[in-house]
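Here the structure comes first, spelled out in structure tokens, and everything after it is commentary.
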Amino acid sequence: MKIQDQEFRDRFLEALAADPEFEAEARWFDGSILIGTSDEQLWVKVYRGKAIDTLEFVPVFGYTFKISGADAAWEMLGNDERTFTDLISAGSRHLGSVEAAEAAGGGYRPPELAIEGNGVEAGRMHIATMHLAWAFASTLVGAGAVGSGAATATSGATA
């Protein structure tokens, strides 16, 4: 299943609607968030704590901010292997030695989930964005859109 499929979008919106923390943290937000994976994107309109619309393209008026990352990063978040804060923060963590840190870029590793656009709104919406990202990543994993489920779905579709 692709993130632009209506079934995926419905599942994602249901996950957000079921999260009271997202609604509380996004209560005073009126904007849009672009969510990107390795090769797809999804535009989400948020108004007064609710995700009210999605589009598979960016409309002419753009987006307030964007969160994007490789499929592997979304999979790690959706499987609870890494935290949102860990994935959006630069630097190397969870390393056992100085040598391991140097091998991993010396602490200068870029974030695996990048946030771009209106930094003020993105900062103000940090907790809501964390909940949105978790709902998105969990929906990706649950739908088999990333990870081993995605490979199986792809190979099954071509067979």
Of (1) surrounded by 15 or more Cβ atoms within 10 Å (Cβ to Cβ); (2) under 21 Å from Arg124 (Cβ atoms), Asp30 fails just (1)
Restricted to segment 86-110 and to residues being in a helix (DSSP H, G or I) and surrounded by 12 or more Cβ atoms within 10 Å (Cβ to Cβ), the residue modelled with the lowest pLDDT is Ala101
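Looking only at residues in segment 9-28 that are out of contact with any helix residue (DSSP H, G or I) (no Cβ under 7 Å at 6 or more places or on another chain) and in a loop (DSSP other than H, G, I, E, B), which one is nearest to Ala72 (Cα to Cα)?
If we take residues in segment 9-28 being out of contact with any helix residue (DSSP H, G or I) (no Cβ under 7 Å at 6 or more places or on another chain) and in a loop (DSSP other than H, G, I, E, B), then Ala18 is nearest to Ala72 (Cα to Cα).
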| query | Does Phe65 satisfy being more than 12 Å from Trp134 (Cα to Cα) and either touching a Cys at 6+ places or on another chain (Cβ under 6 Å) or among the aromatic types (Phe, Trp, Tyr) (or both)? | reply | yes
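Within segment 38-49, take every residue that is within 12 Å of the chain's Cα centre (by Cα) and over 24 Å from Ala24 (Cα atoms) and give me the one that is surrounded by the most Cβ atoms within 10 Å (Cβ to Cβ).
Here the residue is Gln41.
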Practice item. Taking Gly78 as the residue in question, decide whether it is at pLDDT 90 or above and surrounded by 13 or more Cβ atoms within 10 Å (Cβ to Cβ). Key: yes
When every residue in segment 42-55 that is in contact with a helix residue (DSSP H, G or I) (Cβ under 6 Å, 6 or more places away or on another chain) and assigned to a strand (DSSP E or B) is compared, the one farthest from Ile3 (Cα to Cα) is Ala51
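Before we move on, is Asp39 in a helix (DSSP H, G or I) and out of contact with any Asp or Glu (no Cβ under 7 Å at 6 or more places or on another chain)?
On the way: in a helix (DSSP H, G or I): no; out of contact with any Asp or Glu (no Cβ under 7 Å at 6 or more places or on another chain): yes.
No; evaluated as a whole, the condition is false for this residue.
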The correct count of residues that are within 13 Å of Ala15 (Cα to Cα), of a type in the set (Ser, Thr, Tyr) and either surrounded by 21 or more Cβ atoms within 10 Å (Cβ to Cβ) or under 9 Å from the mean Cα position of the chain (by Cα) (or both) in segment 126-142 is 1
Reported set for segment 50-68 where residues are surrounded by 19 or more Cβ atoms within 10 Å (Cβ to Cβ) and closer than 16 Å to Ala17 by Cα is Ala51, Thr54
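The values are calculated or read from the model by the stated rules, or taken from the named source; none is laboratory data. None of the values given here were measured: they were computed from a predicted structure. Positions of Cβ are generated from backbone atoms using ideal geometry, with glycine treated the same way; all protein chains shown enter the neighbour counts.
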